[in-house]
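Asker: Can you read through this structure? Questions will come right after.
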Amino acid sequence: MRHLVSVTLLAALASAAACVAQQRDTTKENVVVPGGERPSALTSASRDGSVADAGDASSDAAAGCLPGVYDVDVDTGYGGALAVTGKVEFASIVAINRTVLMEIQPSTASTVTQFTVILTQPASRFTYRLRGLPPGAYLLSAQADAAGSSAVGELGDLDGYYPGTAAAPYLTRDEASAIRVTDQCRSGLDFGIGVRR
């Protein structure tokens, strides 16, 4: 089973950035607008179609733990109350209008949730919060269209699993380490993606 969530990233530079998010599931499409005039403001849409500013206390309570402003802040749809946060570093700057794909998958299941990010500024990284996780073990991966073909996963693109680095990416599921989420949210789950050869 695959869930697809699209997120348009207005700025994923080393500093926090404003973004516009767009989420899709198999039944409806929710378009979300930027929240406020703060450069780091983020608006998120819930799966029921409601929209809340990421700075609202009500949205933080509904979103679970690790509140804050992230370049990508989405609900995985897995139905839990936990979250993971971190940053994804690119081996090279990815140009404007390029696709970045991030995936989270329970390590013992076939359900994969994908988040597609379209860069509207050149970027070397982005921060993320993935919410709605029940306790369990998860694999994280990301890919970026560095070659400029409008697709990911091709030679010359950036690819990697947690906990690889941009200089030494983990390019296969076998190299990946599962992130264990028990009774607390996890922060600082940084990893890098490097050139697929």
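Coordinate-derived values only; no laboratory data. All figures in this text were calculated on a predicted structure; none of them were measured in a lab. With ideal geometry, Cβ positions are generated from the backbone for all residues, glycine too; neighbour counts draw on all protein chains shown.
Asker: Can you bin segment 105-149 into rounded, prolate or oblate? Criterion: square roots of the alpha carbon gyration tensor eigenvalues sorted a ≥ b ≥ c, rounded for a/c under 1.5, prolate for a/b above b/c, oblate for the rest. Walk me through the intermediate numbers first.
Answerer: Working: a/c = 3.05, a/b = 1.98, b/c = 1.54.
Since a/c reaches 1.5 and a/b is larger than b/c, the shape of segment 105-149 is classed as prolate.
Asker: Report ³J(HN,Hα) in whole Hz for each residue of segment 110-118, in order, from the Karplus equation J = 6.51 cos²θ - 1.76 cosθ + 1.60 where θ = phi - 60°; Gly and Pro get x.
Answerer: Values per residue, Gly and Pro as x: 9, 6, 10, 10, 10, 10, 9, 10, 10 Hz.
Asker: For Gln184, what is the net charge nearby, where nearby means another residue's Cβ is under 15 Å from its Cβ and Lys, Arg count +1, Asp, Glu -1? Can you show the working numbers first?
Answerer: Values: positive: Arg129, Arg131, Arg180, Arg186; negative: Asp183.
Residues close to Gln184 contribute a combined charge of +3.
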